[in-house]
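Colleague: The structure is given below, and queries will be raised subsequently.
The values are calculated or read from the model by the stated rules, or taken from the named source; none is laboratory data. Keep in mind the model is a prediction, meaning the values are calculated, not measured. Counting neighbours? That spans all protein chains shown, and the Cβs are built from the backbone with ideal geometry, glycine included.
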Amino acid sequence: MSAGDTPRRLNVVVGVTGGIAAYKAVGIVRAFVLAGHDVHVVATENALRFVGRPTLEAISRNLVQSDLYEGVAEVKHVAIGQAADLIVVAPATANSIAKIAGGFADDVLGNTILASSAPVIIAPAMHTEMWQNPATQANVQLLRDRGVVIVGPAVGQLTGADSGPGRMSDVDDIVAAALGTVTAQDLVGRRILVTAGGTREPLDPVRFIGNRSSGRQGVAIAIAAAARGAEVTLIAANLEVESPSSIRVISVGTTSELAEAVATEAQTHDVVIMAAAVADYRPEHVAESKIKKDAQGDVLDLRLVRNPDILKSIAEHRLPGQLIVGFAAETEPDDVKLLAIGREKITRKGSDLLIINRVGWTEGFATQNNTISVIDSSGTIVGEATGTKLSVANRILDLVSAR
Ligand code: C5P
């Protein structure tokens, strides 16, 4: 088992309160279920105006609790809280935050929180004015002082035309923060730099040469490392997934932008994990305006030049004690040959660890799951993992942590 994996199947209570972000609670429930946990939704009556009970029951695979006076014989108002390992309130409206801070118990959620000794994670979602109101701020501070973990809110587009702080944090951030309360904090004090996504090399102002990397594996490593206590910087190249709002993100587009960001950031990080798919070549000339087919005829010749190898360069100039981790995404179908490619690559690039993963039309890139082998600089296989990109991320971080 990975140190980053939660030790067992958790009983997770997801409290859903009555705000428009309630529809996103479905994604939170789903993420916990997919991670193997037993999820019980406790919804306020108003939450069920925004999101349907059947949706929450189908996704959580359990009945939704919303009525204090239903199933009284089971002493539900205390039983749910007593059995919970984790309580996540998302979205939490200004009203629900005030009620939780005040210890109100006029609904199932209020009772559940009062009857529980489990960690409580609250993800506020409301309009900026309501969030910034001194009443809300005082309630949030009171909850923080009592050890409640507040995630967000994020800054961004709100329900109306306005934007500002108040938007509920991303599902992945909320889930990672929640699991972080019951996850080993073995990376506290470590600074980890992760690259994710795929670089794009422009041909002209509207076109590029790119690759199919979605950035999911790199983002999962960043999220998992932060959940395990690390201070994380994510260098993000053209991500298809949202980057977590709780993590410091530097956005780049091309390989040279990535190279520059890595060169700077590597100076202040203990670990560099190069998960990004970096273009090996770029067009020799970038056209100032759109390349016109009329001017080209039937054949368009492109001349490409080699990009610098960032991984090789940072491995050569590594700081004392710095750990460098590279990736080898290869289409080779044969396991023995794949390993041989990995061994040749780690020797050539000089990283401390190399994550070998097979990619193809349906594997590795742009998928939810991944299968990897990890080799060290002697070419020995030091770890293997198959599963969600988050579980694979945790396995990689186990090997990092052990070093
Ligand atoms: O040689 P290959 O592209 O397979 O190497 C993959 C590893 O090297 C990845 O960790 C990738 O981030 C890194 N890389 C790099 N600079 C390049 C090409 C790849 O740092 N120009």
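Colleague: Taking Val241 as the residue in question, decide whether it is more than 12 Å from the ligand (Cβ to nearest atom), within 22 Å of the chain's Cα centre (by Cα) and in a loop (DSSP other than H, G, I, E, B).
Modeller: In short, yes.
Colleague: Which numbered condition in (1) modelled with pLDDT under 95; (2) of a type in the set (Val, Ile, Thr); (3) over 15 Å from Ser251 (Cβ atoms) is the only one that Val219 fails?
Modeller: (3)
Colleague: Using the structure shown, decide if Asn357 is more than 13 Å from the ligand (Cβ to nearest atom), under 28 Å from Leu239 (Cα atoms), touching a strand residue (DSSP E or B) at 6+ places or on another chain (Cβ under 7 Å) and not β-branched (Val, Ile, Thr).
Modeller: No; evaluated as a whole, the condition is false for this residue.
Colleague: Further question: Mind checking which pairs have a first residue in the range 31-52 that is more than 16 Å from Asp107 (Cβ to Cβ) and assigned by TED's automatic domain parsing to the domain that holds Asp172 and a second that is part of a loop (DSSP other than H, G, I, E, B) and among the aliphatic types (A, V, I, L, M), Cβ under 6 Å, 6 or more apart or different chains?
Modeller: Between residues of the range 31-52 that are more than 16 Å from Asp107 (Cβ to Cβ) and assigned by TED's automatic domain parsing to the domain that holds Asp172 and residues that are part of a loop (DSSP other than H, G, I, E, B) and among the aliphatic types (A, V, I, L, M), the close pairs are His37/Leu10.
Colleague: Quick test of your reading of the structure: Thr128 fulfils all but one of (1) over 27 Å from the mean Cα position of the chain (by Cα); (2) of a type in the set (Val, Ile, Thr); (3) at pLDDT below 95. Name the failing condition by number.
Modeller: The one condition Thr128 does not meet is (1).
Colleague: Any chance the range 226-236 includes a residue that's on the phi < 0 side of the Ramachandran plot, more than 13 Å from the chain's Cα centre (by Cα) and assigned to a strand (DSSP E or B)?
Modeller: Checked the range 226-236: at least one residue is on the phi < 0 side of the Ramachandran plot, more than 13 Å from the chain's Cα centre (by Cα) and assigned to a strand (DSSP E or B).
Colleague: Then there's this: Among (1) more than 9 Å from the ligand (Cβ to nearest atom); (2) β-branched (Val, Ile, Thr); (3) not in a helix (DSSP H, G or I), there is one condition Ile346 misses while meeting the rest; what is its number?
Modeller: Among (1) more than 9 Å from the ligand (Cβ to nearest atom); (2) β-branched (Val, Ile, Thr); (3) not in a helix (DSSP H, G or I), the lone unmet condition for Ile346 is (3).
Colleague: Of these, Leu339, Leu311, Leu319, Leu300, which one is more than 8 Å from the ligand (Cβ to nearest atom) and touching a strand residue (DSSP E or B) at 6+ places or on another chain (Cβ under 8 Å)?
Modeller: Matching residue, one of Leu339, Leu311, Leu319, Leu300: Leu339.
Colleague: In the range 174-200, which residues are farther than 30 Å from Val16 by Cβ and either small (Gly, Ala, Ser) or crowded, with 21+ Cβ neighbours inside 10 Å (or both)?
Modeller: Within the range 174-200, Leu187, Gly189, Ile192, Leu193, Val194, Thr195, Ala196, Gly197, Gly198, Thr199 qualify.
Colleague: Hey, another quick one. Restricting to the range 169-200, name every residue that is among the hydrophobic types (A, V, I, L, M, F, W, C) and farther than 20 Å from Val39 by Cα.
Modeller: Across the range 169-200, the qualifying residues are Ala184, Leu187, Val188, Ile192, Leu193, Val194, Ala196.
Colleague: For the range 259-292, which residues satisfy the criterion of being away from the ligand (no atom under 16 Å from the Cβ), within 32 Å of the chain's Cα centre (by Cα) and surrounded by 14 or more Cβ atoms within 10 Å (Cβ to Cβ)?
Modeller: Residue satisfying the conditions is Asp270 alone.
Colleague: Filtering the range 91-111 down to residues that are closer than 16 Å to Val42 by Cβ, in contact (Cβ under 8 Å) with a residue 12 or more places away in the chain and of a type in the set (Gly, Ala, Ser), which residue is surrounded by the fewest Cβ atoms within 10 Å (Cβ to Cβ)?
Modeller: Filtering the range 91-111 for residues that are closer than 16 Å to Val42 by Cβ, in contact (Cβ under 8 Å) with a residue 12 or more places away in the chain and of a type in the set (Gly, Ala, Ser), the one surrounded by the fewest Cβ atoms within 10 Å (Cβ to Cβ) comes out as Ala105.
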